[in-house]
Number of protein chains: 2
Amino acid sequence: MSDSAPLEKVAVSLTPQERFEEFLQSRGQRNTEQRRFLVDRVFSNHEHFDVDSLIEQLPRKGQENYVSRPTVYRALKEFVDAGLLRCFQLEGRSVYEHDYGYPQHDHLYCTRCQKLIEFTSDEMMKIRDQVAVQHSFRVTSHRLIIQGVCQDCSRRRKKRKQDLI
Amino acid sequence: MSDSAPLEKVAVSLTPQERFEEFLQSRGQRNTEQRRFLVDRVFSNHEHFDVDSLIEQLPRKGQENYVSRPTVYRALKEFVDAGLLRCFQLEGRSVYEHDYGYPQHDHLYCTRCQKLIEFTSDEMMKIRDQVAVQHSFRVTSHRLIIQGVCQDCSRRRKKRKQDLI
DNA sequence: TTTCGTGCAAAGGCTTTGCATAGAT
DNA sequence: ATCTATGCAAAGCCTTTGCACGAAA
């Protein structure tokens, strides 16, 4: 059974930067300034993000280290291929999160404040695999998102109701 | 534990057509030919579908019962609101399935043949609710998709390998 | 010097919207 | 008669692509 503590990191021997370097070399691709810069930015905090929120935080056109939108898209795809990031769809857009250095996990999604809460559950994995066996299905991955309202939003709502009395 | 049998229907007192009629009346909306026609078509078979595959099966422009693309989109949204259909995202597009008259379930998705296989799991629901309690999260719904390769595709692959020997 | 990567502009895929007309109640 | 629904064309949103130039190996 999982507990409610924040997700623990997993020990990894290479930095994301080094790992991506290796990935690129293995495919005969080049490690450019843009790619290095984006790896840095993407791994500078553990929040989930979408392309727009990432680009908002990057230098604008004309500034130092500007990276164009197509290049951001291309880089993110490479990060996913390299195992640095995972990508999933939420409300129509792609959401990215750290994969490298973090364990397999699933999400609670608060439809009030859009927060994504990570959790791990071994039992979830067991059931997944049992279901697969029953259907003679060979599993490669899964995606579980539990939607609802988080604690903070429930509290806020309750507080507001009390204030009205 | 769920078994591997196909999904059983759930007893409902109204036909989809009747249920949608009620829904429209409750919202002061009108039951048009297009809506009735689409309800019929959508409930004529239990397969999952996306907008394009649905429209392909509908009459073309100029023919009897033609329904325009925007109207199809608008109707599908209403069917979801009315509880007739459920909608989820798969590989970037919206996929629809019957909700009214069918139990809550999840999916195995074969990445080889794009087949969606439905399954129910009470244990899955239990774990979902346990996780939610641990995080003081109020659940409204969830979406689980297990990706991998289905039995048929595994067999085909094996067969092909044998043939090569 | 060869190849790959980048930025630009433009296009693509799916979905939604504004608007005038047609239709339901 | 009133007000919603439809079809059309156009726009929106997110993402990808073709191409010429620039940069890495």
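Once region A:57-70 is narrowed to residues that are closer than 14 Å to residue A:41 by Cα and near DNA strand C (Cβ under 6 Å from one of its atoms), the residue that is farthest from the chain's Cα centre (by Cα) is A:66.
Scan region A:67-104 for residues that are closer than 24 Å to residue A:148 by Cβ, within 16 Å of DNA strand D (Cβ to nearest atom) and more than 14 Å from chain B (Cβ to nearest Cβ) and the total you get is 2. With the condition kept exactly as written, say whether any residue in region B:14-37 is over 28 Å from residue B:61 (Cα atoms), touching a Leu at 6+ places or on another chain (Cβ under 8 Å) and surrounded by fewer than 15 Cβ atoms within 10 Å (Cβ to Cβ). Yes, the conditions are met somewhere in region B:14-37. Among residues of region A:18-38 that are at pLDDT 95 or above, those with a Cβ under 6 angstrom from a residue that is of a type in the set (Gly, Ala, Ser), sequence gap 6+ or separate chain, pair up as A:20/A:82; A:23/A:82; A:35/A:75; A:38/A:75.
Residue-by-condition table, conditions (1) small (Gly, Ala, Ser); (2) closer than 26 Å to residue A:126 by Cα; (3) outside the structural domain of residue A:123 (by TED's automatic domain parsing); (4) in a loop (DSSP other than H, G, I, E, B):
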| residue | (1), (2), (3), (4) |
| --- | --- |
| A:18 | no, no, yes, no |
| A:44 | yes, no, yes, yes |
| A:64 | no, no, yes, yes |
| A:67 | no, no, yes, yes |
| A:71 | no, no, yes, no |
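The listed residues are A:39, A:80, and the only one of them that is out of contact with any Gly (no Cβ under 6 Å at 6 or more places or on another chain), of a type in the set (A, V, I, L, M), assigned to a helix (DSSP H, G or I) and under 30 Å from residue A:127 (Cβ atoms) turns out to be A:80.
Just one of the numbered conditions (1) within 21 Å of the chain's Cα centre (by Cα); (2) assigned to a helix (DSSP H, G or I); (3) more than 10 Å from chain A (Cβ to nearest Cβ) is not true of residue B:114: (2). For region B:133-157, the tally of residues that are over 20 Å from residue B:86 (Cβ atoms), among the small types (Gly, Ala, Ser) and without any contact (Cβ under 8 Å) to a residue 24 or more places away in the chain stands at 2.
Determine which member of the set A:80, A:51, A:39 is in contact with a Cys (Cβ under 8 Å, 6 or more places away or on another chain) and among the aliphatic types (A, V, I, L, M). Matching residue, one of A:80, A:51, A:39: A:80.
Do we find that residue A:107 is at pLDDT 95 or above, more than 8 Å from DNA strand D (Cβ to nearest atom) and away from chain B (no Cβ under 14 Å) in this structure? Taking the combined requirement at face value, the residue does not satisfy it.
The values are calculated or read from the model by the stated rules, or taken from the named source; none is laboratory data. Computed from a predicted structure; not experimentally measured. As a convention, Cβ positions derive from the backbone with ideal geometry for all residues, glycine included, and neighbour counts pool all protein chains shown.
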